[in-house]
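> I'd like to ask some things about the structure below.
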Amino acid sequence: MIFLQNAKKAFCLLAVFTLLLGCGKEEYPTVDLFTWKAKVDVTAKAILSVNIENGAGSSGGEGSAKVIDNDFNSKFLINPYQTNFYMQLSFPSPQQVASYTLTSGGDAPG
């Protein structure tokens, strides 16, 4: 009886290994989703506008110009945040954008 129980366990284990090893795994290309620089940076072609500016102005230490400066250690800050805030990039001609990346640097811990 014990022999039959062990044989059943061994058979089940063998069946599981056969299924796991026999199933083909399709290889997918490696995709880097977290590169901080755009493949094609369209921000240089744009005019940035915001409806609420940092107290030090657009060129200040945390002014709106930091939004498109390509430095992931800088940031744009308005304090206090206002719910009607918006920012916009305007282009002289239509642009096709498939994705974009936003980063923020210099934040306080926590």
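> Within segment 78-102, take every residue that is surrounded by fewer than 10 Cβ atoms within 10 Å (Cβ to Cβ) and within 22 Å of the chain's Cα centre (by Cα) and give me the one that is nearest to S49 (Cα to Cα).
Selected residue: Y86.
> Right, another one. Run down N70, N54 and say which single residue is surrounded by 12 or more Cβ atoms within 10 Å (Cβ to Cβ), on the phi > 0 side of the Ramachandran plot, in contact with a Lys or Arg (Cβ under 9 Å, 6 or more places away or on another chain) and among the polar types (S, T, N, Q). Even if it seems obvious, please write down each step before you answer.
Values: N54 fails: on the phi > 0 side of the Ramachandran plot.
Among N70, N54, only N70 is surrounded by 12 or more Cβ atoms within 10 Å (Cβ to Cβ), on the phi > 0 side of the Ramachandran plot, in contact with a Lys or Arg (Cβ under 9 Å, 6 or more places away or on another chain) and among the polar types (S, T, N, Q).
> Can you report the number of residues in segment 51-72 which are closer than 17 Å to D41 by Cβ and of a type in the set (S, T, N, Q)?
Qualifying residue count, segment 51-72: 1.
> Which of (1) surrounded by 10 or more Cβ atoms within 10 Å (Cβ to Cβ); (2) more than 25 Å from the chain's Cα centre (by Cα); (3) at pLDDT 60 or above does A10 not meet, given it meets every other one?
(3)
> Any idea which of (1) of a type in the set (S, T, Y); (2) at pLDDT below 90; (3) not in a helix (DSSP H, G or I) is the one S58 doesn't satisfy?
Going through (1) of a type in the set (S, T, Y); (2) at pLDDT below 90; (3) not in a helix (DSSP H, G or I) one by one, S58 breaks only (2).
The values are calculated or read from the model by the stated rules, or taken from the named source; none is laboratory data. Predicted model, so just to flag it, every value in this text is computed and none were measured. Glycine gets a Cβ as well: all are built from the backbone with ideal geometry, and neighbour counts include every protein chain shown.
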